[in-house]
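Engineer: Structure incoming, see below.
The values are calculated or read from the model by the stated rules, or taken from the named source; none is laboratory data. Worth saying up front: this structure is predicted, and the values here are computed from it rather than measured. Here the Cβ positions follow ideal geometry from the backbone for every residue, glycine too, while neighbour counts run over all protein chains shown.
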Amino acid sequence: MRNSKTVRTLATASLATSLLIPVATPSHVLAVADVYPEKELNKEAVEKQKLQVQEVQKVENGVQLTLSNNYQAFIRLKAVDLAKVSILKQGEKNEDTAAINKTDWDTPSFHLEENETSITLSTDEITVSIHKEPFGVKFMDSEGNVINQDSMKYGSGYENGKPYVFKDTSKNEDFYGFGEQAGKLNKRGESIGMWNNDAYDYSKDTKYLYTTVPFFIGLKDEKAYGIFFDNSHRSYYEMASESDDYYYFYANDGQLTYYFAYGPEIQDVVNRYTELTGSMQRPPKWSLGLHQSKWGYKTADEIKNIVDTYREKDIPLDAVHLDIDHMNGFRNFTWGEDFTNDPKAFNDYLESKGVSSVAVSDPGIKKDPGYYMYDEGTENGYWATNPDGSAYVGEVWPGESVFPDFARKEVQDWWAESHATIMDAGVDGIWNDMNEPAVFDTATKTQPLDVQYGDMDHAEFHNMFAHYEAEATDQAFDVNKNNTRPFILTRDMYAGSQRYATLWTGDNASTWEALQMSTPMNNNVGLSGIPFVGNDIGGFAKRPSGELFARWLQMGMFNPFSRIHADNGSTVAFDTEAKDIPGQEPWQYGQKVEDISKKYIEMRYKLMPYLYNTFIQASMDGTPIQQPLVYQFQKDENTHDIDQQFMFGESLMVAPIVEKGATSKEVYLPKDEKWIDYWTGEEYKGGQTITKEADLSTIPLYVKKDSIIPKRNVQQYTGEKPLENLILDTYVEDQSNYTFIEDDGSTEDYQDGEFNKTQFHVQKQNKFLYTFNQDKKVESYNSELTSYTVKLHNVMKPHYIRKGDKFYQEVSSSQDVKETQESYYYDEDNHILYTNIPSGEEKEVKMLVDGTDKSQPLEKKIEKFHNEDTKLENKLSKGNKKEKALEKLKQVSQSKKLRMAQQIEKASNK
């Protein structure tokens, strides 16, 4: 959120005033450099000290090896495709980091063999071959193909206390993941570092950003694997950056433990990694809507005015964020009188408008006797300490501050309970910021490495600080908002933090370069087990042009987390003369940009059933919401390096415009699929690059054929109106399937089974006949859903639609269809068939459409079918029959039509 790269004077008394414009920063202070010096690995020493296997002992889930130089190794099989490798000092106990969520694995069946040179452990999926002299590990698939192996030149072990692993690679191997990283999608050839860093206004060359996720995916010969380096110390990854023959990773300190997961699909690797480190929780539905934020909304009235303007302009909005301006002198868990003298009334007002509030929380507690948080923490000894046991004091926004020792359970409990001040006032979500942890009064922008957290020093705890804070914040919802789904936004993460929090990618800049970084960054974050991620729309530092804002907002509506955010008003970072400049609300850039913004914000809200169900899937197995093309199409080598396209869920492909002045884009369509232009309905074969014209109001968007995309009518906020009619946007080549889950979107009652689960199936039986079926798998939620509108694309005019012996009524518009059950409408201009089907329909619904190559017998049967209506009308028009006779005529005609329809459907198959 905010910059902490400012000079020391920021922590003086002037900082506590209402003016939040930072002073000029020294020119030598750069985001990429403001960290502790890197510890290099001595490769010459590594090459000389190869370990040897001296003794082998079988254990329950693998083998224990006695190694030379007083080391031991454990190779443990956690699943048929998951192995854990540890090298430790003799007698040392392996310690998991906070990332590990699952430890109770069922040991798979495996076969152990040993000969003079090697030991092998084989499951149904992988074989782990351990070379004895020198020690090295090789992973193979069930057919004996090498997936991954140690470099025998360098091996693995410790160099001067630094754990390291070298691996062989080849030129055709690609690398993804690594959490939040600047630059391109494919990380082959890159030098990567992990040390959570307050990287304000970062660029594509910034090495250290805000998160540490020491997990990556290798893809070689169409087969994927994953490696998770379970070490929280500062770590380094040289991904074939020095040679095409090897890559390696190491850490400053700590144990050498890593997990190896075999795919062969990338999806399999992500799912297994998620099982290891945990999945995100099912989010509250409001958190998927649009969020509006600014550092510099100084009063509650200013925020209320922003909300009112959204409502007056009918632009959907679900949340506003309260930055540090809402606090009393930047004291956490307080309300400033200048902001509001009645925080409960303020939040009640937001609630009346359908808007949730998300309040920022900074971990630095002002050193201020009389401030309840400082007094309670001091009395109970809750602060992180210097080596001599005294509380560590560092300068942040309130001035001199102390920091909670989140490594201790009692401190986490206290922190959770302390949220009562803001949660009781009606705050709905928490925004954890400054949690690298950042401080202002050190050259490294963080605490000294010897500050103590529990039984860890800061060097070990640093990258996990935000993780433990997020865990305590999650607990705050249990304590203060029981049975309410938490929403926690965080600037920093460690592996596994997805269990508690949503990630935004920190203080980006309002530049085209920052926009270009967003897609590969989010894609890799998603591959790293963190589905709920987004960037500050428009950029945080500086201000965007109208064109940049429009392009960014278009893309941002297809990001998992969607928030507009801006700094405190400076048009140039640290411009002390720039004050009271408006934020980045959609109406700040003229009517054209406002209209474009509204169009895409509304589109996100129409897609909410699709988006929400995509999140439900993510909460179950870690499936990314935003996916690089290689995630679904890894066998198509053309997708491996595509930075500026992504899949939004299973079915929608987005190709954002990220170049200034561009009005077209070269779009690659992955092979072995057919693709539909969302805007025009034009159909394309995959495996080609096309040029899409895209003026400022258009983002290239494509639908994968054989997809069902559930949608709804637009709302001004999620939950404004009940979901009564579900629109099923259907694109059928052969058959389309979709599993739709519905729950209350806010509580955790779904965990007790209160949800509905319905499977939709639309099939093209032949050139003329389509069928719709549903299967209600679970019915335990009291839904208000009464009908579906099946919107069938790219079909010819229907002859009839029926379920059993009942024929649907034709109406005159798509709106009439939504309002009339068992009806249909055909849009001739766009070749779309709209059909309203009752949500309780148990029978198959059949849709017979026209075609250009009907056989003569089929054509005659269809003609006869339509003639029956004419005959009936003639009989009814005579008007000399009694009511019973008229009904009898209708029944006879209906029976004839049913028999003819059955004959037509049979003939259509020939």
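Engineer: For the subset of the range 331-356 comprising residues that are of a type in the set (Gly, Ala, Ser) and surrounded by fewer than 23 Cβ atoms within 10 Å (Cβ to Cβ), which member is farthest from Gln715 (Cα to Cα)?
Structural biologist: Here the answer is Gly336.
Engineer: So which residues in the range 406-443 are modelled with pLDDT under 95 and under 22 Å from His233 (Cβ atoms)?
Structural biologist: Thr442, Ala443
Engineer: When you scan the range 222-291 for strands (runs of 3 or more DSSP E) that lie fully inside it, which ones turn up with 2 or more residues that are crowded, with 24+ Cβ neighbours inside 10 Å?
Structural biologist: 223-229, 246-251, 256-262
Engineer: Okay, next question. Would the range 139-152 turn up any residue that is in a strand (DSSP E or B), assigned by TED's automatic domain parsing to the domain that holds Asn271 and crowded, with 24+ Cβ neighbours inside 10 Å?
Structural biologist: Applying the first criterion (in a strand (DSSP E or B)) to the range 139-152 yields 139-141, 146-150.
Now narrow it down to the ones that are assigned by TED's automatic domain parsing to the domain that holds Asn271: 139-141, 146-150.
Among the residues that remain, those that are also crowded, with 24+ Cβ neighbours inside 10 Å are: none.
There is no residue in the range 139-152 that is in a strand (DSSP E or B), assigned by TED's automatic domain parsing to the domain that holds Asn271 and crowded, with 24+ Cβ neighbours inside 10 Å.
Yes or no, residue by residue, for (1) of a type in the set (Asp, Glu); (2) assigned to a helix (DSSP H, G or I); (3) modelled with pLDDT under 95:
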| position | (1), (2), (3) |
| --- | --- |
| Pro531 | no, no, no |
| Gly539 | no, no, no |
| Glu547 | yes, yes, no |
| Arg551 | no, yes, no |
| Met555 | no, yes, no |
| Asn559 | no, no, no |
| Asp567 | yes, no, yes |
| Thr571 | no, no, yes |
| Thr576 | no, no, yes |
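Engineer: Select, from Gly354, Gly377, the only residue that is assigned to a helix (DSSP H, G or I) and at pLDDT 95 or above.
Structural biologist: Gly377
Engineer: List every residue pair whose Cβ atoms lie under 6 Å apart, where the two residues are 6 or more positions apart in sequence or sit on different chains, the first residue falls within the range 736-754 and is not assigned by TED's automatic domain parsing to the domain that holds Gly649 and among the hydroxyl-bearing types (Ser, Thr, Tyr), and the second residue, located anywhere, is part of a loop (DSSP other than H, G, I, E, B) and surrounded by fewer than 18 Cβ atoms within 10 Å (Cβ to Cβ).
Structural biologist: These pairs meet every condition: Thr747/Asn483.
Engineer: Which one of these is closer than 23 Å to Tyr225 by Cα and surrounded by 20 or more Cβ atoms within 10 Å (Cβ to Cβ): Val667, Val630, Val654?
Structural biologist: Val630
Engineer: Those residues that are surrounded by 22 or more Cβ atoms within 10 Å (Cβ to Cβ), part of a helix (DSSP H, G or I) and in contact with a Pro (Cβ under 8 Å, 6 or more places away or on another chain), I need them from the range 437-465; list them, please.
Structural biologist: His462, Phe465
Engineer: Considering every residue within the range 661-670, establish whether at least one is within 20 Å of the chain's Cα centre (by Cα), acidic (Asp, Glu) and either under 30 Å from Gly218 (Cβ atoms) or not assigned by TED's automatic domain parsing to the domain that holds Gly263 (or both).
Structural biologist: no
Engineer: Checking the conditions here, which among Ala514, Ala501, Ala495 is modelled with pLDDT of 95 or more, of a type in the set (A, V, I, L, M, F, W, C) and within 17 Å of Met557 (Cα to Cα)? Show your work before the answer.
Structural biologist: Details: Ala501 fails: within 17 Å of Met557 (Cα to Cα); Ala495 fails: within 17 Å of Met557 (Cα to Cα).
Ala514 is the lone residue from the list that is modelled with pLDDT of 95 or more, of a type in the set (A, V, I, L, M, F, W, C) and within 17 Å of Met557 (Cα to Cα).
Engineer: For the range 648-672, what are the residues that are touching a residue at least 40 places away in the same chain (Cβ under 8 Å) and under 26 Å from Val732 (Cα atoms)? Before the answer, list the steps.
Structural biologist: Quick first cut of the range 648-672, residues touching a residue at least 40 places away in the same chain (Cβ under 8 Å) only: 648, 650-661, 670.
Matches in the range 648-672: Phe648, Glu650, Ser651, Leu652, Met653, Val654, Ala655, Pro656, Pro670.
Engineer: Answer with yes or no whether Ser170 is in a strand (DSSP E or B) and of a type in the set (Gly, Ala, Ser).
Structural biologist: Judged against the criteria, Ser170 is not a match.
Engineer: Restricting attention to the range 672-707, which residues are acidic (Asp, Glu) and outside any strand (DSSP E or B)?
Structural biologist: Scanning the range 672-707 gives Asp672, Glu673, Glu682, Asp695, Asp706.
Engineer: Can you tell me which residue in the range 466-485 is surrounded by the most Cβ atoms within 10 Å (Cβ to Cβ), limited to those that are touching a Lys or Arg at 6+ places or on another chain (Cβ under 9 Å) and over 15 Å from Phe406 (Cα atoms)?
Structural biologist: Restricting to residues being touching a Lys or Arg at 6+ places or on another chain (Cβ under 9 Å) and over 15 Å from Phe406 (Cα atoms), the top hit is Phe477.
Engineer: Can you give me the number of residues within the range 461-508 that are of a type in the set (Ser, Thr, Tyr) and within 21 Å of Asp743 (Cβ to Cβ)?
Structural biologist: The total comes to 3.
Engineer: Looking at Trp512, Trp504, Trp552, which is the one that is of a type outside the set (Lys, Arg), touching a Leu at 6+ places or on another chain (Cβ under 7 Å), in contact (Cβ under 8 Å) with a residue 12 or more places away in the chain and within 17 Å of Ala199 (Cβ to Cβ)?
Structural biologist: Matching residue, one of Trp512, Trp504, Trp552: Trp504.
Engineer: Looking at Thr502, Thr490, Thr519, Thr511, which one is over 19 Å from Ile100 (Cα atoms) and touching a Gly at 6+ places or on another chain (Cβ under 9 Å)?
Structural biologist: Thr511
Engineer: Can you confirm whether Ser109 is in a loop (DSSP other than H, G, I, E, B) and within 30 Å of Val525 (Cα to Cα)?
Structural biologist: Details: in a loop (DSSP other than H, G, I, E, B): yes; within 30 Å of Val525 (Cα to Cα): no.
In short, no.
Engineer: What number of residues in the range 436-473 are within 22 Å of Ala416 (Cβ to Cβ) and without any contact (Cβ under 8 Å) to a residue 40 or more places away in the chain?
Structural biologist: Counting residues in the range 436-473 that are within 22 Å of Ala416 (Cβ to Cβ) and without any contact (Cβ under 8 Å) to a residue 40 or more places away in the chain gives 1.
Engineer: Within the range 59-74, is there a residue that is surrounded by 14 or more Cβ atoms within 10 Å (Cβ to Cβ), modelled with pLDDT of 95 or more and within 31 Å of the chain's Cα centre (by Cα)?
Structural biologist: The answer is no, given that none of the residues of the range 59-74 is surrounded by 14 or more Cβ atoms within 10 Å (Cβ to Cβ), modelled with pLDDT of 95 or more and within 31 Å of the chain's Cα centre (by Cα).
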